[in-house]
Amino acid sequence: MKRAIITGVSGQDGSYLAELLLSHDYEVHGIVRKQHYPSRPWFDNLVRQAKLAGQRLFLHQITLHDTTALQRLLSQVCPHEVYHLAGQSHVGLSFDIPESTCDFTGMGTLRLLEIVRSCSPPPRFLHASSSEIFGIPAQVPQDETTPHHPVSPYGAAKSLATNLVRIYRESYGLFACNAICFNHESPRRGTSFVTRKITQAAARIKLGLESELALGDLDAQRDWGYAPDFVSGFHRLLQHHEPMDCIFATGQLHRVQDWLDIAFNHLDLDWRNYVVFDPRFARKAEPTLLVGRPTRAQQVLHWTPSLSFDAMVIRMVEHDLQWQRMRRAA
Ligand code: GDR
């Protein structure tokens with residue numbers, strides 16, 4: 001039986017990845033900051049399911065600063081694979097807390113790489129990197145060779161972590177890979193990200209629970225994919241016969257306004273009646289034309305996105321509508 005460690009297992013990607021690995025008969029060890037997340041019902045579900053499927057999911061409450069506790073966990077579990085997904089993931093927030101963002105995301109990855117390097121044998125290692133490393137990119141679309149040009153503390157921290165993973169692969173021969181992820185969404189997305197903020201607000205407005213949605217730049221563009229597809233790419237990347245970095249993206253650009261159009265139209269609403277501009281949600285610097293070329297993922301890993309953009313937005317709206325109805329009835 002394969003054993004895997006996931007940092008950030010309680011988040012969107014971590015929980016989907018845990019489910020995927022459990023379905024492949026892995027023993028999964030998840031690192032969490034807290035044991036209980038009342039606002040994340042899927043996480044309780046996961047724990048319940050794992051118990052039903054035999055005790056193959058273990059949660060460990062460790063912060064990524066605690067090197068000795070991490071070291072002890074890795075030497076006890078002897079994992080075959082480590083998926084490093086934890087981090088401060090809000091780009092806008094990284095302007096307010098640059099130091100902890102860089103420490104957690106940059107230095108946290110370095111500490112983990114050092115521990116992995118000291119294992120015998122070292123496990124395969126995946127770091128969830130980000131399209132934010134490209135910031136204002138020299139080429140459109142971006143691929144694995146595009147130079148880094150981050151425009152936020154978050155992007156700079158991810159760039160450091162991404163380079164460290166490559167350096168540890170090239171210098172120490174570690175099986176260490178960067179999954180360079182463009183935006184990816186799902187019903188489990190945090191509600192401070194623009195996509196889920198929109199789908200949740202559309203559902204609440206439809207049910208008469210809210211009447212206004214405050215947003216920043218509606219013209220901002222991103223390459224938005226579906227999170228469960230991305231975690232299946234993570235797993236494929238670590239099963240490949242040689243370590244490499246790999247872009248995960250759809251290759252299509254959409255605007256924030258497209259989310260509004262599809263989400264509100266689906267509920268027979270006109271978003272123009274509800275959306276207001278709030279400068280607090282506008283970024284100090286916006287990346288431009290972040291869109292990925294996922295050729296390597298498609299050709300080498302045979303990875304393809306399973307859900308269209310419109311279908312993903314509608315899936316999230318439907319989830320939020322059902323969830324808000326349940327909460328109202330409770
Ligand atoms: P992003 O995602 O910064 O791309 O990072 P986010 O959803 O926060 O923003 C996407 C775009 O929408 C614009 N925007 C708003 N954003 C937020 N959060 N709230 C608003 O009200 C709002 N209005 C407009 C933003 O300016 C931006 O242009 C995500 C995270 O998951 C990162 O961790 C990850 O690395 C990248 O995607 C790839």
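The values are calculated or read from the model by the stated rules, or taken from the named source; none is laboratory data. All of these numbers come straight from a predicted model, not from anything done at the bench. Because the Cβ atoms are built from the backbone with ideal geometry, glycine has one as well, and the counts that use them run over all protein chains shown.
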> Quick one: how many residues across segment 97-142 are touching a strand residue (DSSP E or B) at 6+ places or on another chain (Cβ under 6 Å) and surrounded by fewer than 20 Cβ atoms within 10 Å (Cβ to Cβ)?
Replying inline: 0
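Going through ALA176, ALA214, ALA201 one at a time, which residue ends up being surrounded by 19 or more Cβ atoms within 10 Å (Cβ to Cβ), in contact (Cβ under 8 Å) with a residue 40 or more places away in the chain and more than 30 Å from GLU144 (Cα to Cα)?
Exactly one of ALA176, ALA214, ALA201 is surrounded by 19 or more Cβ atoms within 10 Å (Cβ to Cβ), in contact (Cβ under 8 Å) with a residue 40 or more places away in the chain and more than 30 Å from GLU144 (Cα to Cα), namely ALA201.
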> Within segment 193-200, is there a residue that is out of contact with any His (no Cβ under 9 Å at 6 or more places or on another chain) and either modelled with pLDDT under 95 or farther than 19 Å from VAL91 by Cα (or both)?
Replying inline: yes
>> Between GLN61, GLN71, GLN76, which is exposed (fewer than 15 other Cβ atoms within 10 Å of the Cβ) and either aromatic (Phe, Trp, Tyr) or more than 22 Å from the chain's Cα centre (by Cα) (or both)?
In response: GLN76
> Mind checking which pairs have a first residue in segment 1-17 that is within 14 Å of SER89 (Cβ to Cβ) and a second that is among the acidic types (Asp, Glu), Cβ under 9 Å, 6 or more apart or different chains?
Replying inline: GLN12/GLU185
>> Looking only at segment 177-214, filter to residues that are touching a strand residue (DSSP E or B) at 6+ places or on another chain (Cβ under 6 Å) and part of a strand (DSSP E or B); which one of those is farthest from the ligand (Cβ to nearest atom)?
In response: CYS177
>> On the basis of being surrounded by fewer than 20 Cβ atoms within 10 Å (Cβ to Cβ) and in contact (Cβ under 8 Å) with a residue 24 or more places away in the chain, does ASP223 make the cut?
In response: no
